[in-house]
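No value in this document is a laboratory result; all are computed from the given coordinates. Note that the structure is predicted; figures quoted are calculated from it, not measured. Here the Cβ positions follow ideal geometry from the backbone for every residue, glycine too, while neighbour counts run over all protein chains shown.
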Amino acid sequence: MRSLVFIPAWNEEDALPGVIADVRKAIPGADLLVVDDGSADATAERAREAGALVASLPFNQGLGAALQTGYLYALRGGYDVCAHLDADGQHPAEEVARLLAEVTADRADLVIGSRYHAGAVAGSGDYRPTFSRRIGTSVFRFFLTLATRQRFTDTTSGMRAANRRVMALFSRHYSPDFAEIESLQLAVRQGLRVEELPVRMLERAGGSSFLTPLRSAFFIFKGLVVLLVGQFRPRHVETE
Amino acid sequence: MGLVLAAEPGQVHLTSQTRIVAAALALFFMLMILELIRRDRLQERYSVIWFVAGLGMLAGAAFPGLLEVVANLMGVRNTNVALFSIVLLLLLGLALNFSVIMSRQAAQITRLAQERAIEKALAEKRAEGDIGNGASGEEALQPEKQGLEG
């Protein structure tokens, strides 16, 4: 069973080396790929120094395109399972290892690490979302649950593990703008087994969230449009 | 002027002067497109719609009666309203067409960037003799084949 862990990174030179070291320690058997999304700082150099393989996009393409690069690499490289986590240090690698174990055991095709899941809150009080993020989270949670008829608590989580069926799907279709939410909707609509696992998350190590109230409102509106349109997309039968 | 037009519906008020100006503009427009194609600044496949627009302008200038016919077909009394509606709809359609083309090209650029990033990463991996990356160099050499098998 070959596994790949990939980290989409955009201007994360400070936090990234720590994340790589964490992954190496917690998941020693996996290959590691950093997808550098056209960073202007030394993200790629730091990643190489830390011993990771780096795939650099020539210009910033957005999180969705970076994640898709990882899925495409995993598919082409013949990996059986893959996982990804954020580069800012919010995601402990030992939690990612738990997600990978879930996919490896074939209990699900796609596993999402959820910081809001009932089991997650009891374990830690580490993660405290901001007000606008809480609103956005509950709106998306409601509509995604409505759209998929499956309960999701953490729709925007960037900590996930997947098998080859998901790699094949996501390397073909992946929304560049609304990566996290639309991909969940897509996976469920294709009949894949999507599961949430409660995980522990930390405060971000560096940088600040891009979400100001106005941008949040726009983000939510855009997300709802994307979800609505997604409901009318054809259900493809994936051939892989 | 507006009142006069409203009072006499179905009449197209184009003096021969405006007709000549419109025809000249249409001809100039089409020549400009021809020149753009000649200099490789515009691809033929995107020029067809503009030639059609130019011909439409020319036809309108040559036969003002056409506009009246179209206005009647649309059920619009004022030919000016008909003209502006048609032009507006055409421009809307064009703008939408451009959005579609833009989306397709954005997707293509993204895929190109991804392919190039992956290629470079694989080349780097091979060059390093795969130190500290688990998989062997052999496997990295045949990514396509493995992807198809999987």
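Assuming R0 = 51 Å, what is the FRET efficiency of B:LEU92 and A:ARG151, from their Cβ-Cβ distance, to the nearest 0.05? Don't jump to the answer; show the numbers that get you there.
Numbers: r = 42 Å, r/R0 = 0.82.
Working from the Cβ atoms, E equals 0.75.
Along the Cα→Cβ direction, 7 angstrom out, place labels at B:LEU36 and B:VAL48. What is the inter-label distance in nm?
1.7
For chain A, place one equal point scatterer on every Cα, skip the solvent, and apply the Debye formula. What is log10 of I(q)/I(0) at q = 0.08, 0.13 Å⁻¹?
-0.27, -0.75
So what J values fall out for the stretch A:222-232 if you push phi through Karplus, 6.51 cos²θ - 1.76 cosθ + 1.60 with θ = phi - 60°, rounded to Hz, Gly and Pro as x?
4, x, 5, 4, 4, 5, 4, 4, x, 5, 9
Using the Cβ atoms and a cut-off under 14 Å, what net charge is assigned to the surroundings of B:ALA107, where Lys and Arg are +1 and Asp and Glu are -1?
It works out to a net charge of +1.
What net charge is computed for the residues neighbouring A:GLN185, neighbours being all others with C-beta under 12 Å from the C-beta of A:GLN185, Lys and Arg scored +1, Asp and Glu -1?
Summing Lys and Arg as +1 and Asp and Glu as -1 gives +2.
If you keep only loop residues by DSSP, which chymotrypsin sites (Phe, Trp or Tyr not before Pro) in the stretch A:44-91 have at most 13 other Cβ atoms within 10 Å of their Cβ?
Sites meeting the loop and neighbour criteria: A:PHE59.
Among the DSSP beta bridges whose two residues both lie in chain A, what percent are antiparallel, rounded to the nearest 5? Intermediate results must be reported in sequence, preceding the final value.
Values: 7 of 27 bridges.
Roughly 25 percent of the beta bridges in chain A run antiparallel, per DSSP.
Which residues' amide hydrogens lie under 5 Å from the amide hydrogen of A:ILE7, considering only partners 5 or more residues apart or on another chain, with H built in the peptide plane?
A:LEU33, A:VAL34, A:VAL35
For B:GLN108 and B:ASN72, calculate 0.36 nm times their separation in residues minus their Cα-Cα distance, and state this gained length in nm to one decimal.
8.5 nm is the gain from fully extending B:GLN108 to B:ASN72.
Say we join alpha carbon atoms closer than 10 Å with springs in a Gaussian network model of chain A; which of A:GLY113, A:GLY158, A:GLY18 then has the biggest fluctuation?
Taking springs between Cα atoms under 10 Å, the residue moving most is A:GLY18.
What is the extension gain from A:HIS173 to A:ARG189, computed as 0.36 nm multiplied by their sequence separation minus the C-alpha to C-alpha distance, in nm to one decimal?
Numbers: separation 16, 0.36 × 16 = 5.76 nm, distance 1.27 nm.
Separation in residues times 0.36 nm, less the Cα-Cα distance, equals 4.5 nm.
Could you tally the net charge around A:LEU57, taking each other residue with its Cβ under 9 Å from the Cβ of A:LEU57, Lys/Arg +1 and Asp/Glu -1? Kindly include the intermediate steps, with their values, before the conclusion.
Working: positive: B:ARG116; negative: A:ASP36, A:ASP37.
Every neighbour counted, the sum reads -1.
If amide H atoms are built 1.01 Å from N in the plane of the peptide, which residues on other chains or at least 5 residues away come under 5 Å of the amide H of A:ARG193?
For A:ARG193, the qualifying residues are A:ASP109, A:LEU110.
Please compute the modelled spin-label separation between B:LEU27 and A:ASN60, points set 7 Å along Cα→Cβ, answer in nm with one decimal.
5.1
Obtain the nm distance between the two label points defined at A:PHE131 and B:ILE101 by a simple spin-label model: each point lies 7 Å from its Cα along the Cα-to-C-beta direction.
Placing both labels 7 Å along Cα→Cβ, they lie 4.7 nm apart.
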